[in-house]
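Comments concern the structure below.
The values are calculated or read from the model by the stated rules, or taken from the named source; none is laboratory data. Keep in mind that what you see is a predicted model, and the values were worked out from it rather than measured. Accessible surface areas use protein heavy atoms only, side chains included; no ligands, DNA or RNA. Shrake-Rupley method; radii C 1.70, N 1.55, O 1.52, S 1.80 Å.
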Amino acid sequence: MNTIAIVDYGMGNFHSVARALHAAAPNADIRICRDAQSIRDASRVVFPGQGAMPDCMRTLNESGLREAVEEAARNKPLLGVCVGEQMLFTTSEEGNTPCLNIFPGKVKLFAGPEFASSKQHGDNDHELLKVPHMGWNRVWQTQTHPLWNGIENGTHFYFVHSFYVAPDQAQLTVGESHYGIPFTCAVAAENIFAVQFHPEKSADPGLRLYRNFVDWHP
């Protein structure tokens, strides 16, 4: 049986992810895992996360699950979700936090003059877009990938985030969205696929992405 471990290190929407996976793949053995051996025993791994990056990395390290996540990233299908995607990169501007460094690149804050919208008011001041970026936004598939199967290019997914990944290697980006600036919202390499948006909050397209992950054989 396909055993899917959802990594529970204390900073993620684990039960919502589990419910979505059960809906997408009712025959899979889906487990919320708080011990390293359960993650090692699983055939594939979902790595969610939410909250501040310093807290997420500290909690992951204290949980004793970091090594098991790093092993999974080397040898089995792994899906990163939201902060779980960001944690795969080298460092984050949020608290200047070192991350897992599985992918080279930085996690950056939506900020700066390039993040002003074209909407003007008053004395030609630009209205800054609100942070966090929250709500439904289109995702454009910049590369084909098995996890995009059956999902139309430009489909809306649900986002809640103030930071986004900026990979050092352009080929890592497989999906982009736009919020003031274009930004990477999905990355992939070999056995890893990771997204900034929340598939578990994204209705049928999110369930399709989870189904594709369950069926994926990289």
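Using a 1.4 angstrom probe and counting only protein chains, how large is the accessible area of Ser162 in Å², to 10?
Its heavy atoms expose roughly 30 Å² to the probe.
Kindly give the semi-axes, whole Å and largest first, of the ellipsoid equivalent to the range 148-218, taking each as the square root of 5 times a Cα gyration tensor eigenvalue.
Semi-axes, largest first: 19, 16, 10 Å.
With a 10 Å cut-off between alpha carbons and a GNM built on the chain, which of Val131, Val165, Val174 moves the most?
Val131
Just read off the accessible area of Cys82 with the full protein assembly in place, 1.4 Å probe, to the nearest 10 Å².
10 Å²
Can you give the accessible area per residue of the chain, in Å², using a 1.4 Å probe?
With the other protein chains kept in place, the chain gives 45 Å² per residue.
Return the calculated 222 nm mean residue ellipticity for the chain, to the nearest 500 deg cm²/dmol, obtained by summing -39500 (n - 2.57) across DSSP H runs with n ≥ 4 and dividing by the residue count.
-7000 deg cm²/dmol
Express the carbon and sulfur contribution to the solvent-accessible surface of the chain as a percent, rounded to the nearest whole number, probe 1.4 angstrom.
Here it works out to 47 percent.
Give me the base-10 log of I(q)/I(0) for the chain at each q in 0.10, 0.14, 0.15 Å⁻¹, Debye formula, one uniform scatterer per Cα, rounded to two decimals.
-0.41, -0.80, -0.92
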